[in-house]
Each structure stands twice: as C-alpha cells, then as structure tokens.
C-alpha cells in the first residue's frame, strides 16, 4: 500500500465528517443575533439541537421554532433540511455504486439488474437526476399548498409561497419541521393541506431507486400500450421495489386501522372530528411516523397503546436510499421472512421467486440488533436523569433514532444530558446505520476453514 493510498478516507467516514461540519456551521449561524428573535448571541445548546435535527432531517426541537428563530433562521433551517435530505440520499445511492464496482463482473451484473434506472456508470448524471426529481416533487407539493393557503386561508401570496415551500421541502425530506406552533393541528379538518403533505412524505420515504423504477415502468407501460406491445409481468420487478411497495401499503393500512380504532372516541385527539376527518387524521398518524414528524393531533394526549404502535412505525421507517430514517423497510421485511422460514422449518429464506443470500440475512439481523441496543440503552440512561414516564422517554428516543421528530411534548423539558443523548441518537440514526450497512457490505473476509458444528440450547 502506497502512502497516498493509506491516507484515503473511507466514503462513510468522509460523509460523517461533512455532516458534522454542516451541523457545526448551522449551530454557529443559528446562534447569531440575525437568526434569533432575542436579537443577541446565545442559545448555543438550542442552536446545536436544532442544527442536528435539521441536518439529520428529524424535526425534534427544544424550542418553538416558529417564534424562537427569525425568518433568516427559518431559511437557514430549510437549507440544512435540503442539504441533509439530498446529501444522505445521494451518498447512499452512490455508495451502492462504489460497492458494486469492488466486486466481480457477475455480481456487478446482478447489482445492475437489481437497481434499474440508476446510472451506475455516470455518478454526475445520477446526482442530477436525484436533484431534478426531488425538486420537481417539492415544487408540485409547494404549489398545491401555496394555492390552498392563499385562496382557502386568506394568506398574502408571498406568505403563502413561503409557508408552502417550507412545509413541502420539510415533508418530502421527511424532516417534520413546521412554522406553526402546533405543527399541523390547525389543519386537522383540511384535506387540501394534510393529504399533499402525506403524499410528499410517502414519496420521499420510498427511496429514489424505487421512484426511478416506478417512473421507468409507467413510461414503459404507456409506450407498450401505444404500440400494442407486451407489458412486463410482476416477476420482472426488482425484489427491493416489491418489498418496499408492499410493505409500505401494509404499514399504511395497519397504522391507519390501528390508530383509528384506538383513538376513535378519544375527545382529546380525533374523537370530536367528523367521520371523514377521523379517517384522514388516522391515516396522517400512520404516514408521519415514516419518518416525517408532523402531527395533526396532540400526541401527548393520545392513549399509551397508540404511542406504542407509532413506536413500531417509527422504528421501521422508510425505504433504503430515501429521505426517511429508521432501520428501513427492507431490513424489517427480511427479518419477517427469516422468522417465517424458521416457523415453517425450511432452510432457505425465499421471498416470492427469489432466495435471500445469507450475507443479507446477517446484515439485517446485525442492524436490527444494534438499533435495538441503541434505543434501549438511551431509554435507560435518560430514565436515570429525568422524571418522565418510561413510555414517554421511549417514544422520544425512538423518534430521535428513527429521525422522525414526533414528540409528546417533553423535549424542551429534558435535562441537558437527555438532550445530548437525543442529539447523538439523531446523528447516529441518520448516518450510523448507513455507515454500519456499508461496513457490513464491504467487510466480507474469506475463511479457508470451518470449526465443527455444535448446537446450543435455544428457547
């Protein structure tokens, strides 16, 4: 190894350093008088917490963002959200391309087949496609919100444009930051506000590999129908896309039904709304933990059972190479199929007509184990230094680790030690899992011998 090669930085470490510098710069800017309504230097912990939350597209905050920061501060937060969402997605996708180039020709061909629509030979073009796609979605959602705020809520046009743009970018990047003190609670009965934001969250959480494949399939179907060609069957869809789409539909349906049934008669949440608004708010409560962080009713007054169900949704998160956090849908789906295989007594883990490699199974189990350990450890540590109930702390911890941003309202009241832990969880949950997944994919040491088998007692 040459001296030049020894000084090369691993891509995962490089992106961690870049994000750390972005957080530091954001902290300094948000501490300036121009960024704070107090018009003086200070609030360093609040600025640091907000900066970590914005860059890691979480949405948790120890202050009321709408009144604590000035319009300039809001603009800085918006830029950090865009940087965090676009940066981590680009890094995740490009990292997959770099890893594919390090393996043999056969594996590269398989990898190309599993990620259609991605320009694996042209990273610059890929980055441009991601930028154009994300900006286009944000523009469409922002336009709908702007028109609604302008024509339906009496906002002046400049204010409507600003509020629409801010919330559109925050939603698509799964950030959950809002310029309203009560998040989206003021629009609990307005489908023209809630549904576009829900749609943006879902799109951002699918992941660009899935979005690009969907676009390619739609265009292919249109062209095939024009010339009378044969449309590809479902078997030609990549396994990743099928897992993400089916899992997303399942989780959305489960979350809507779960929250709707439990909270249906709760007068403090959705009990006082009409039938349609109840369904819409239950659906919103199912979408936002994926991991956006907006809330249309007061989670602090929801039933504990509801919070536990939302914990599960926050922990799972969205798709890989998306703006969402969590352990990712693919990881959770792999675990489910591993369990199902063991229950059935089979040896190979099959998903549809495909067999999962053992390396993927080990990676999924490792990521879930590390994520669970981080969440449990943080919950215990914060419990030792605060008087909040365990379910409240656990909800806050999972929200931070999954980069969701939902809260029962205890973030600002946490001790400094607890806030520091939440910052570490946001940073680790956003970048740590990507780095761990990368390390597991790269580190595959060949062993030329095996020890004899022996089965310990299990269960």
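Values quoted throughout were computed directly from the atomic coordinates according to the rules given, and no laboratory measurement underlies them. Small disclaimer: the values here were computed from a predicted structure and weren't measured. Note that we place each Cβ from the backbone using ideal geometry, even for glycine, and neighbour counts take in every protein chain shown.
Details
- In plain terms, the residue of 328, 278, 453, 124 with the fewest other Cβ atoms within 10 Å comes first and the most crowded comes last, giving 453, 124, 278, 328.
- On the basis of the beta-carbon distance and an R0 of 22 Å, residue 453 and residue 351 show a calculated FRET efficiency of 0.25.
- Fewest-first ordering of 342, 454 by other beta carbons within 10 Å of each residue's beta carbon gives 454, 342.
- A Förster distance of 35 Å, applied to the separation of the beta-carbon atoms of residue 79 and residue 219, puts the FRET efficiency at 0.60.
- Gap separating the Cα centres of the stretch 118-184 and the stretch 323-346, nearest whole Å: 32 Å
- Here the extension length gained between residue 72 and residue 190 equals 39.6 nm, from 0.36 nm per residue of separation less the Cα-Cα distance.
- By the count of other C-beta atoms within 10 Å, a proxy for reagent exposure, 426, 280 are ordered fewest to most as 280, 426.
- Counted residue by residue at 0.36 nm each, then reduced by the alpha carbon distance between them, the extension gain from residue 131 to residue 384 reaches 86.7 nm.
- Estimated FRET transfer efficiency (residue 151, residue 246; beta-carbon r; R0 30 Å; 0.05): 0.20
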